[in-house]
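Remarks on the structure that follows.
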Amino acid sequence: MTVRKAWLVAGAVLGAGLSFVMLLVVGVYVVAGNLAGGVGGATKALAKGAVPAAYSGLVQKWGNLCSAINPALLAAQLYQESGFNPKAQSAAAAQGIAQFIPGTWATHGIDGDGDGDRDVWDPNDAIPSAASYDCKLASYVKDVPGDATRNMLASYNAGAYAVIKYGGVPPYKETQNYVKTITTLEESFAAPVTRVDPSKQAAAAITYAQNKLGTPYLWGGDGTAQDGGRFDCSGLTKAAYESVGVTLPRVANDQWNAGPHPARDELLPGDLVFFSDDLTNSRAIRHVGIYVGGGYMIDAPRTGAVIRFDPIDTPDYFGATRVTEDGAKALPTTV
């Protein structure tokens with residue numbers, strides 16, 4: 001489909017072609033001025049499919065073990081540590097989905113499923129152990145002033161002694177970054193309880209994608225000269241947000257975690273929209289586009305196609321992410 005035809009098709013469906021999309025782009029800023037709030041307070045509910053179905057029950061149950069944690073926070077830790085990979089092993093010998101080092105596991109690993117053993121490689125033990133360890137750390141610093149969750153996370157990174165010594169999160173850059181990273185990622189695993197603020201960069205990201213309409217698809221394409229200016233789906237969304245200074249991960253299922261998740265009836269232009277054959281597992285996401293309004297996105301759909309407008313209301317629609325700068329920065333480089 002040529003760029004001209006893409007615009008004509010969009011115009012027929014949406015009602016006003018180019019002017020319609022431009023109004024949506026301007027509308028991002030109008031809505032930004034009228035919405036207030038953002039994510040309101042901590043929530044115990046996980047976002048739809050945010051945790052693989054095999055582990056979501058464990059995370060929901062054990063994420064409520066004590067008041068210093070919640071399921072979304074526990075999910076953020078597991079994602080940061082291993083990307084929910086129960087076979088993960090680091091160069092520092094950290095093992096399993098929760099990345100316990102052997103010494104810590106020997107002391108704090110528990111038999112979460114009651115089968116008579118403590119197996120660091122078994123998520124049925126490792127996830128309960130991660131929650132139990134968090135709560136143990138929280139108990140060590142319960143009398144320290146400040147936010148109990150932030151103090152617990154600081155203890156996880158720097159040790160409870162440092163938190164007690166400094167009367168809160170210690171002045172270590174690594175520790176402060178760790179606390180910010182996990183609490184930011186928590187928002188991408190929690191189901192929002194209010195509307196979430198639109199991204200300030202959304203309009204320009206749409207403009208970037210709009211200017212690529214008609215460009216042929218290339219699997220693995222990042223739009224570089226070497227790629228002939230071509231993209232695949234996540235290459236396009238990454239480049240669109242990179243054009244406004246927000247660096248997203250390369251693959252779609254990690255881009256999902258770049259911010260909170262608006263409901264279908266709360267979508268705004270610039271939101272990333274995702275598609276999967278498994279609607280219970282964000283790690284199975286296989287496609288992403290950038291929402292422009294009216295039930296349509298701009299996406300790079302597949303080999304043999306071009307960047308174009310496509311409807312989002314299909315059986316494989318998974319959900320959406322409202323990209324934030326902090327959310328993108330918090331994502332691990334490898335999971």
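The values are calculated or read from the model by the stated rules, or taken from the named source; none is laboratory data. This structure is a prediction, so every number in the text was calculated from the model and none was measured. Here the Cβ positions follow ideal geometry from the backbone for every residue, glycine too, while neighbour counts run over all protein chains shown. The accessibility values were calculated without ligands, DNA or RNA, using every heavy atom of the protein model including side chains. Shrake-Rupley method; radii C 1.70, N 1.55, O 1.52, S 1.80 Å.
Quick look at the numbers
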quantity	calculated
Any hit, segment 78-89, residues being assigned to a loop (DSSP other than H, G, I, E, B) and under 16 Å from Ile182 (Cβ atoms)	yes
Elements of type helices (runs of 4 or more DSSP H) contained in segment 127-211, each with 1 or more residues being open to solvent by less than 30 Å² (accessible area, probe 1.4 Å) and closer than 21 Å to Leu268 by Cβ	173-189, 202-210
Where Thr303 falls short, out of the listed (1) in a loop (DSSP other than H, G, I, E, B); (2) open to solvent by less than 40 Å² (accessible area, probe 1.4 Å); (3) not aromatic (Phe, Trp, Tyr)	(2)
Verdict on Asp310 being open to solvent by 40 Å² or more (accessible area, probe 1.4 Å), over 30 Å from Gln176 (Cα atoms) and without any contact (Cβ under 8 Å) to a residue 24 or more places away in the chain	no
Flag if Ala106 is without any contact (Cβ under 8 Å) to a residue 40 or more places away in the chain, of a type in the set (A, V, I, L, M) and not in a loop (DSSP other than H, G, I, E, B)	yes
Segment 233-247, residues that are within 13 Å of Ala209 (Cβ to Cβ) and in a loop (DSSP other than H, G, I, E, B)	Ser243, Val244
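Yes or no, residue by residue, for (1) surrounded by fewer than 18 Cβ atoms within 10 Å (Cβ to Cβ); (2) in a helix (DSSP H, G or I); (3) not aliphatic (A, V, I, L, M):
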position: Pro249; (1), (2), (3): no, no, yes
position: Gly259; (1), (2), (3): no, no, yes
position: Leu268; (1), (2), (3): no, no, no
position: Phe274; (1), (2), (3): no, no, yes
position: Pro315; (1), (2), (3): yes, no, yes
position: Ala320; (1), (2), (3): no, no, no
